[in-house]
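The values are calculated or read from the model by the stated rules, or taken from the named source; none is laboratory data. These numbers come from a predicted model, not from an experiment. All Cβ positions, glycine included, derive from the backbone under ideal geometry; neighbour counts span all protein chains shown. Protein only, heavy atoms only, side chains kept; ligands, DNA and RNA dropped before computing areas. Shrake-Rupley method; radii C 1.70, N 1.55, O 1.52, S 1.80 Å.
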Amino acid sequence: MTKPNVIVFGASTAGKNFLKNQYEYNVLAIADNDSNKHGEYLNDVLIIPPNQICDYDYDYIIIASMFIEGITKQLLEELFIPKEKIIYA
């Protein structure tokens, strides 16, 4: 069975912990609002700015951050991500 393609939102502690313990998804990229992290890698996965999410063919975005409300609002209102594509880690 094919693993769903996902983008993880959050490159801090929660994102690191999520990546360490998950095997059910194919992680395409990690989105983060911290511009100092863009272009870096976390567990061999590229960290991108949120506005590049639309460049990927993903099934879901998994929010792995303590800033759930703000990120959800950003995804829905600024990036126009459909609510059904957002998952919470």
Margin query: Being part of a helix (DSSP H, G or I) and under 19 Å from Lys3 (Cβ atoms): is that true of Ile87 here?
Written below: no
Check: Has segment 66-84 got at least one residue that is open to solvent by less than 90 Å² (accessible area, probe 1.4 Å), at pLDDT 95 or above and in contact with an Asp or Glu (Cβ under 9 Å, 6 or more places away or on another chain)?
Finding: no
Next item on the list: Kindly list, by first and then second residue, each pair from a residue in segment 62-86 that is of a type in the set (S, T, N, Q) to a residue that is assigned to a helix (DSSP H, G or I) and surrounded by 11 or more Cβ atoms within 10 Å (Cβ to Cβ), limited to pairs with Cβ atoms under 6 Å and residues at least 6 apart or on different chains.
Entry: Ser65/Ala14; Ser65/Ile71
Next item on the list: Please work out which residue is most open to solvent (accessible area, probe 1.4 Å), limiting yourself to segment 31-54 and to residues that are within 11 Å of the chain's Cα centre (by Cα) and farther than 15 Å from Leu79 by Cβ.
Entry: Leu46
Next item on the list: Just give me the residues in segment 1-60 being among the β-branched types (Val, Ile, Thr) and in a loop (DSSP other than H, G, I, E, B), in sequence order.
Entry: Thr2
Item checked: Selection count where residues are aliphatic (A, V, I, L, M) and in contact (Cβ under 8 Å) with a residue 40 or more places away in the chain, scope segment 1-18 -> 4
Item checked: Pairs with Cβ under 9 Å, 6+ apart, first in segment 34-53 and of a type in the set (Gly, Ala, Ser), second in a strand (DSSP E or B) and open to solvent by 20 Å² or more (accessible area, probe 1.4 Å) -> Gly39/Leu46
